[in-house]
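Data first, discussion second: the structure below is written as structure tokens.
What follows is calculated from the coordinates using simple rules that are stated; it is not laboratory data. From a predicted model like this one, the values you see are computed outputs, not experimental measurements. Ideal geometry is used to build each Cβ from the backbone, glycine not excepted, and the neighbour counts take in all protein chains shown.
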Amino acid sequence: MSATSNTAIVGIGQTEFGKGLAASELSLACQAIALALEDAGIAPGEVDGLASFTLEPFREVEVARSVGLGDITFFSQVGYGGGAACGVVGQAALAVATGQCNVAVAWRARKRSSAASRPWAQVNSRISDNGQWSRVFGLLRPVDEIAMLTRRYMYEYGATRDHLANVAIAARKHANRNPNAMMYDKPLSREQYMDARWISEPLCLFDNCLETDGGLAVVITSVDRARDLAQRPAVVHSFAQGLPRQHQTMTNFFTADPLRGPAWATADKLWANADVGPADVKVAQLYDAFSPLIILSLEGYGFCARGEGGPFTDDGAIELGGRLPVNTAGAGMSEAYVHGFNLVLEGVRQIRGTSTAQVVGADVSLVTSGEGVPTSALVLTEDR
Amino acid sequence: MSESAFLLPDLDDNEALAFWEGCAAGELRVQRCVRCEWVAHPPRPMCPQCQSTAREWIATSGRGTIWSYVVAHPPLLAAYSALAPYNVIVVELDDPPAVRFVGNLVTSADGEINEIDPHSIAIGEPVRVAFASIGGVALPRWVRA
Ligand SMILES: [Zn+2]
């Protein structure tokens, strides 16, 4: 059993999602944290732990003094962008579990307009880091890097664009039920998917996540304390991070088996720490900066064998009512792309029973962060 | 960065300088451990097999096969957008085995990266290295073998 299993997510908060929001990232973070604390029924002055992304453009001290937090005795940051969301939540939970703090807050706030949010577009024209092995040849963006792995995956396993479309359409259908989703009122048909413009072949526009401004936060405390609070707790049953041997972030073309990404190492620890396994998971939020990451994650986290992730998505299997509903609020592709932090909140809502695409009996809820980078995952459960 | 510029390796401060010097000399080099001869690409300061810091650069055959490829479309940095759609390939070398390089498939060393019909490219195609001069830097490109 994981050390975090005596902790729970007891509050969630999020700002509006949009493009070109007026508020700064700092303001969005503060708003999300205040909303999460209000949701939890915990006063800001009780917060004594913080965990956030290294990509945040401001320091923890700014948040703490703006929101009116207490004396902070634990603060940490996790790198690798989309790989970090479950990592910051899990580290906050570990800090509570080990007594380094009593009430921890984890958050992500992002603005599309911020240069710091789009590392690929703000490089020097002379490169001495690992970009000299890929970017110099015009492999510029995250989508190009994942498209390279996707093409190989399709070649090795016979996966098709129809499989990728299954992922995009499932997310969109779920977003169409979620009034907070950026794509709430925009259905997506298979024809629209197939006719969409290319971004990096074999990936088209709808294989890509959205670009979103917004902030989200969660509050974590002990399960004992959670039992006295307003919300139904989402127990942090298991948590893992994964930086596999010989991995190279995003351009993972240089290992013996590039299609076996960080999900596998993360899953090994995640399930080893858990009293449940993949067969017990009722609903999953799988990080989706790009549609093929869902297919790889289905394999990595043990829902099917290698090469079977494409066919796994057929026949509505990852839609509400299917055998494993995935990304039930629309996730990065159709709700909002905030480096996957919105997936954590949806994982919590499924345990609470308050999702707009609620899975009946969702007592075990998986959340993962970015495949393709050093990553992290959470198994959330009911208090039992 | 300058909006019109291609991205190029920094030849002033770069631990992989010997690789780019090799390109200028017409060699595709990889880094090898002096002690155990394990080949590492991309290069690194220590051998992950034996922890030796004694590193050397050796020439490869420059021959391999296409392992994967993409066709990039805008939005892209301006210099690349002007060439889009263009191909980017990953080549797996024949020797040393399992060493892979990112590059571009062209018809000749100084050809543009967008001149080959991307839909004619196939995984498994044999290719060999050729060196283009871009902004005063020798870059490895790949031509059909
Ligand atoms: Zn060695």
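Three principal axis extents of the stretch A:126-178 based on alpha-carbon atoms, in descending order, are 46, 31, 13 Å.
Apply 1/(1 + (r/R0)^6) to the Cβ-Cβ distance of A:TYR155 and A:GLU38, taking R0 = 60 Å, and write down the FRET efficiency to the nearest 0.05.
Values: r = 51 Å, r/R0 = 0.84.
Result of the calculation: an efficiency of 0.75.
The protection proxy used here, the mean number of other Cβ atoms lying within 10 Å of each residue, ranks peptides A:370-377, B:137-144, A:9-16, A:163-170 as follows, highest first: A:370-377, A:163-170, A:9-16, B:137-144. For the protein assembly as shown, the number of Lys pairs with C-alpha atoms closer than 26 Å, counting only pairs eight or more positions apart or on separate chains, is 8.
Given the protein assembly as shown reduced to its alpha-carbon atoms as identical point scatterers, what log10 I(q)/I(0) does the Debye formula return at q = 0.09 Å⁻¹? Results for the protein assembly as shown at q = 0.09 Å⁻¹ read -0.65.
If you average 1/r over all unlike Cα pairs in the stretch A:265-326 and invert the result, what Kirkwood radius do you get in angstrom? Let's see the in-between values first.
Working: mean 1/r = 0.0834 Å⁻¹.
Over the stretch A:265-326, the inverse of the mean reciprocal pair distance is 12.0 Å.
Using the Cβ-Cβ distance between A:ASP314 and B:ALA122 with R0 = 22 Å, the FRET efficiency computed as 1/(1 + (r/R0)^6) comes to roughly 0.25. Projecting label points 7 angstrom from Cα along Cα→Cβ for A:GLN100 and B:ILE58 puts them 4.4 nm apart.
With the convex hull built on the Cα atoms of the stretch A:276-384, state its orientation-averaged projected area in nm². The partial results should precede the final answer.
Numbers: hull surface 25.3 nm².
Taking a quarter of the hull surface, the average projection is 6.3 nm².
Computed from the Kirkwood radius of its Cα pairs, the Stokes-Einstein diffusion coefficient for the stretch A:163-300 at 10 °C and 1.306 mPa s stands at 88 µm²/s.
Within 10 Å of the Cβ of each residue in B:131-137, the mean number of Cβ atoms contributed by other protein chains is 1. For A:LEU50, the residues 5 or more places off, or on other chains, whose built amide H falls under 5 Å of its own are A:PHE74, A:PHE75, A:SER76, A:VAL105. Applied to the stretch A:330-335, the Karplus parametrisation 6.51 cos²θ - 1.76 cosθ + 1.60 on θ = phi - 60° returns per-residue 3J(HN,Hα) values of x, 6, x, 7, 9, 8 Hz, with x for Gly and Pro.
Of all the options A:PHE290, A:PHE17, A:PHE253, the one that moves most in a Gaussian network model of chain A with Cα springs shorter than 10 angstrom is A:PHE253.
For the segment B:70-82, counting C-beta atoms of other chains within 10 Å of every residue's C-beta and taking the mean gives 6.
Among DSSP beta bridges whose residues both lie in the stretch A:282-384, state the antiparallel percentage, nearest 5.
On the way: 5 of 9 bridges.
Here the antiparallel bridges make up roughly 55 percent for the stretch A:282-384.
Taking the DSSP bridge list for chain A and keeping only pairs wholly inside it, about 75 percent are antiparallel. Shielding value for B:5-13 is 6, the average number of Cβ atoms from other chains within 10 Å of each residue's Cβ. Would you mind checking the stretch A:230-269 for residues with the amide N under 18 Å from a putative spin-label position 7 Å along Cα→C-beta of A:GLU46? Of the residues in the stretch A:230-269, A:230-236 have backbone N under 18 Å from the label point off A:GLU46.
Highest mean packing first, where packing is the average number of other Cβ atoms within 10 Å per residue, the peptides B:82-94, A:174-186 line up as B:82-94, A:174-186.
Between the listed residues A:ALA331, A:ALA8, A:SER134, the Cα displaced farthest toward the positive end of the dipole of chain A, a dipole computed from Cβ unit charges relative to the Cα centre, is found at A:SER134. Round to a whole angstrom and tell me the spacing of the C-alpha centers of the stretch B:35-66 and the stretch A:196-233. Distance between centres, Cα-based: 40 Å. Each label point was placed 7 Å from the Cα along the Cα-to-Cβ direction; for A:VAL276 and B:SER81 their separation is 4.6 nm. One Cα centroid belongs to the stretch A:315-353, the other to the stretch A:3-64; the line between them spans 20 Å.
Using 1/(1 + (r/R0)^6) with R0 = 35 angstrom and r between the beta carbons of B:ASP110 and B:GLU21, what's the FRET efficiency to the nearest 0.05?
Values: r = 20 Å, r/R0 = 0.57.
Step by step, r from the Cβ atoms, then E = 0.95.
Helices in chain A that qualify as membrane-span-like (whole DSSP H runs, Cα extent of at least 15 Å along the helix axis, mean Kyte-Doolittle hydropathy of 1.6 or higher) are A:85-97. By the rule of a second cysteine Cβ within less than 4.7 angstrom, the protein assembly as shown holds isolated cysteines at A:CYS30, A:CYS86, A:CYS101, A:CYS204, A:CYS209, A:CYS304, B:CYS23.
Of the peptides A:305-316, A:78-89, the order by per-residue mean of other Cβ atoms within 10 Å, starting with the highest, comes out as A:78-89, A:305-316. Ranking of A:PHE75, A:PHE58 by neighbouring Cβ atoms within 10 Å, starting from the fewest: A:PHE58, A:PHE75.
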